[in-house]
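Read the structure below first, then the notes.
The values are calculated or read from the model by the stated rules, or taken from the named source; none is laboratory data. None of these values were measured; they are calculated from a predicted model. Note that each Cβ is placed from the backbone with ideal geometry, even for glycine, and that neighbours are counted across all protein chains shown. All accessible areas refer to the heavy atoms of the entire protein, side chains included, with ligands and DNA or RNA removed. Shrake-Rupley method; radii C 1.70, N 1.55, O 1.52, S 1.80 Å.
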Amino acid sequence: MLSTLSTFFIAPFHYGFMQHGLLSALLLSLSGGLLGCVLVLRRLALMGDALSHSLLPGIGIAWLLFGLSTTALFAGALVAGLLTALGSALLSRLTRVKEDSAFGSLFLIFFGAGVALLSRLPTRLNLAHFLFGSILGVSNADLRLAAASSALTLLVFLGFYRSILLETFDPVFHRAIGGHGGIVHLGILALTVLNLVAALQTMGIVLGLGLFLLPAVTAYLWCDRFERMLSLSVALAMAGSVAGILLSYHAGVASGASIVLCLGAFFLLSAIFSPNHGAAGKVAAWIRDHRHAADTR
Amino acid sequence: MHSPETILRLRDVTVRYGRNPALEGITVGIPCGSLTAILGPNGAGKSTLLKAILGWMPLVRGDIRIGDAHPQHALPRLAYLPQRHAIDWDFPITVRAVVEQGRYPSLSPWRRLGGADRERVDRAIAELDLGTVSDRQICRLSGGQQQRVFLARALAQGADIFLLDEPFAGLDLIATEELTHIFRSWEKQGRTVLAAVHDLHLARAVFPRGVLLARELVAEGEIGAVLSEEHINRAFRTGHLLL
């Protein structure tokens, strides 16, 4: 029994690439879990998703010009992300198109350009690797980037906790007491892009945001305090990463997909069974009320 | 108007949104410790006036002076209460945590709340009768309690002037009476309240003073005189013409 458990849970991590993959996913769980909470509470979930897709051409061009340099990939992704954000802001101000449509259209164009670019490149790495991640590819440089972006995100959250809370909860009050909402907002977006790039190897560009949003929205279903939501979100992201990497190893599926599936299972179960904010409780209360109404009639 | 008891002085205040005038030459003084309703039709500039006082709107002309000759009023603090619909009531936060935010401006970002801060928070929570619900998430409160959470945050801030944007909007009858009662007791304690109110009946019942706007000043002073038929006709007819 013990040896079966050990074969399942411990043995996979004897491989160096598995250790790298796990460490990278755990580091990104910390930053992703934190950032995801802000994205969920500020209702930026879909925008974050669109933003992650739009990074692809930036990464493609950087890869074409500089190879697998982490700095170049980050710079390329950042430029692509900023162009999408600025472009949609301009489109919505200068034309009749509203911001959501502008953002949606631009991210599709960018994503299309990225796919076209990467599918034309003569490369060892295939397109699927960029889109969905591969745990086999986590290098030492990738680990360093994951550690740096995770540490930076944690420091920003510790140092500017109150500003982040106020800007997320009540930006008008934040402004009234002299806060710099725009800087906080931009900082969160920049950290999101940084961590998406850092998650490129393990999670891929399309699924990277799953490590941010799914644990956060799951924690949102359980917590009535901001600091608890942050901690639970990080813990869930880490648990999902470990489970997902094991699943990826044993079932032979892409690591990004298996991590997202494990986190998705947490979310769906919570959406149904969370006692205060889940669907089951609401449905039970509804049935109870109707029975009661029928009885008293 | 320029008596030492005037805590807020607006002189010839003019604000524009792009080319559109929002406020035109408003000159008015707000006495210290008064309850004043800012009145007028939609688009009359009620919210704009509050934002101008907070320093969020660039003035095309005129100036706004806060404070009076009384030494304790040299630098009065402003507290702004957002409209109810601006708040995400599902946000994972408790009553106490919202009231604690009132202490943030007095703390450096890395300092924890000290004993004196916690005492002010406790006092604000007690004064607004939120003691029994202080650990609740803000969605699990009545409408009146929700409004009082944000008044408590303003109290914890140690504010002298309270700027409220439609505090009665969306409140039921009981909550409206609770809030009226709070404003009356604040008036006795000498706190200055300036509130944008669209309901003229309510304004007449609650506020002793009024400022009636239609982008320009129509009338100010005692509420009965401000809300005379002639003034209302002028404000609301000009309002419609302008809109």
Starting from the stretch A:166-177, keep only residues that are within 7 Å of chain B (Cβ to nearest Cβ), then list their pairs with residues that are in a helix (DSSP H, G or I) and crowded, with 21+ Cβ neighbours inside 10 Å whose Cβ atoms are within a distance under 6 Å, requiring at least 6 positions of separation or different chains.
A:L166/A:H174
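Does A:L155 satisfy the condition of being within 14 Å of another protein chain (Cβ to nearest Cβ), out of contact with any strand residue (DSSP E or B) (no Cβ under 8 Å at 6 or more places or on another chain) and not β-branched (V, I, T)?
Working: within 14 Å of another protein chain (Cβ to nearest Cβ): yes; out of contact with any strand residue (DSSP E or B) (no Cβ under 8 Å at 6 or more places or on another chain): yes; not β-branched (V, I, T): yes.
It is true that A:L155 is within 14 Å of another protein chain (Cβ to nearest Cβ), out of contact with any strand residue (DSSP E or B) (no Cβ under 8 Å at 6 or more places or on another chain) and not β-branched (V, I, T).
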Residue list for the stretch B:103-148, filter: at pLDDT 90 or above, crowded, with 17+ Cβ neighbours inside 10 Å and under 24 Å from A:F160 (Cα atoms)
B:R103, B:Y104, B:D117, B:R120, B:V121, B:Q137, B:I138
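If the requirement is being within 28 Å of A:L247 (Cα to Cα) and surrounded by fewer than 15 Cβ atoms within 10 Å (Cβ to Cβ), which of these qualifies: A:L68, A:L86, A:L127, A:L56?
Values: A:L86 fails: within 28 Å of A:L247 (Cα to Cα); A:L127 fails: surrounded by fewer than 15 Cβ atoms within 10 Å (Cβ to Cβ); A:L56 fails: surrounded by fewer than 15 Cβ atoms within 10 Å (Cβ to Cβ).
Among A:L68, A:L86, A:L127, A:L56, only A:L68 is within 28 Å of A:L247 (Cα to Cα) and surrounded by fewer than 15 Cβ atoms within 10 Å (Cβ to Cβ).
From the list B:A159, B:A205, B:A169, B:A225, which residue is hydrophobic (A, V, I, L, M, F, W, C) and surrounded by 17 or more Cβ atoms within 10 Å (Cβ to Cβ)?
On the way: B:A205 fails: surrounded by 17 or more Cβ atoms within 10 Å (Cβ to Cβ); B:A169 fails: surrounded by 17 or more Cβ atoms within 10 Å (Cβ to Cβ); B:A225 fails: surrounded by 17 or more Cβ atoms within 10 Å (Cβ to Cβ).
One residue alone meets the criteria, B:A159.
Looking at the stretch A:18-54 only, could you name the residues that are among the hydrophobic types (A, V, I, L, M, F, W, C) and under 16 Å from A:L145 (Cα atoms)?
Kept after step one, since they are among the hydrophobic types (A, V, I, L, M, F, W, C), are these residues of the stretch A:18-54: A:18, A:22-23, A:25-28, A:30, A:34-35, A:37-41, A:44-47, A:50-51.
Within the stretch A:18-54, A:L22, A:L23, A:A25, A:L26, A:L27, A:L28, A:L30 meet the criteria.
So, B:Y80, is that one surrounded by 15 or more Cβ atoms within 10 Å (Cβ to Cβ), of a type in the set (S, T, Y) and at pLDDT 85 or above or not?
On the way: surrounded by 15 or more Cβ atoms within 10 Å (Cβ to Cβ): yes; of a type in the set (S, T, Y): yes; at pLDDT 85 or above: yes.
It is true that B:Y80 is surrounded by 15 or more Cβ atoms within 10 Å (Cβ to Cβ), of a type in the set (S, T, Y) and at pLDDT 85 or above.
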Qualifying residues in the stretch A:218-269 (those that are in contact with a Phe, Trp or Tyr (Cβ under 7 Å, 6 or more places away or on another chain) and within 14 Å of another protein chain (Cβ to nearest Cβ)) - the one surrounded by the most Cβ atoms within 10 Å (Cβ to Cβ):
A:T218
Output the number of residues of the stretch A:153-165 satisfying the condition of being touching a residue at least 60 places away in the same chain (Cβ under 8 Å) and open to solvent by 60 Å² or more (accessible area, probe 1.4 Å).
1
Qualifying residues in the stretch B:138-192 (those that are touching a Phe, Trp or Tyr at 6+ places or on another chain (Cβ under 9 Å) and free of Cβ contacts under 8 Å to residues at least 40 places away in the same chain) - the one farthest from B:L35 (Cα to Cα)
B:A175
Filtered residue count, the stretch A:1-45, keeping only those that are free of Cβ contacts under 8 Å to residues at least 12 places away in the same chain and not hydroxyl-bearing (S, T, Y)
11
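Can you tell me which of A:L117, A:L145 is surrounded by fewer than 22 Cβ atoms within 10 Å (Cβ to Cβ) and part of a helix (DSSP H, G or I)? Walk me through it before giving the result.
Values: A:L145 fails: surrounded by fewer than 22 Cβ atoms within 10 Å (Cβ to Cβ).
After ruling out the rest, the residue left standing is A:L117.
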Here the residues within the stretch B:77-86 that are within 10 Å of another protein chain (Cβ to nearest Cβ) and assigned to a helix (DSSP H, G or I) are B:A86
Within the stretch A:131-145, does at least one residue satisfy the condition of being among the acidic types (D, E) and within 9 Å of chain B (Cβ to nearest Cβ)?
no
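Can you find a residue in the stretch B:54-64 that is more than 12 Å from chain A (Cβ to nearest Cβ), touching a helix residue (DSSP H, G or I) at 6+ places or on another chain (Cβ under 7 Å), β-branched (V, I, T) and under 29 Å from A:V40 (Cβ atoms)?
no
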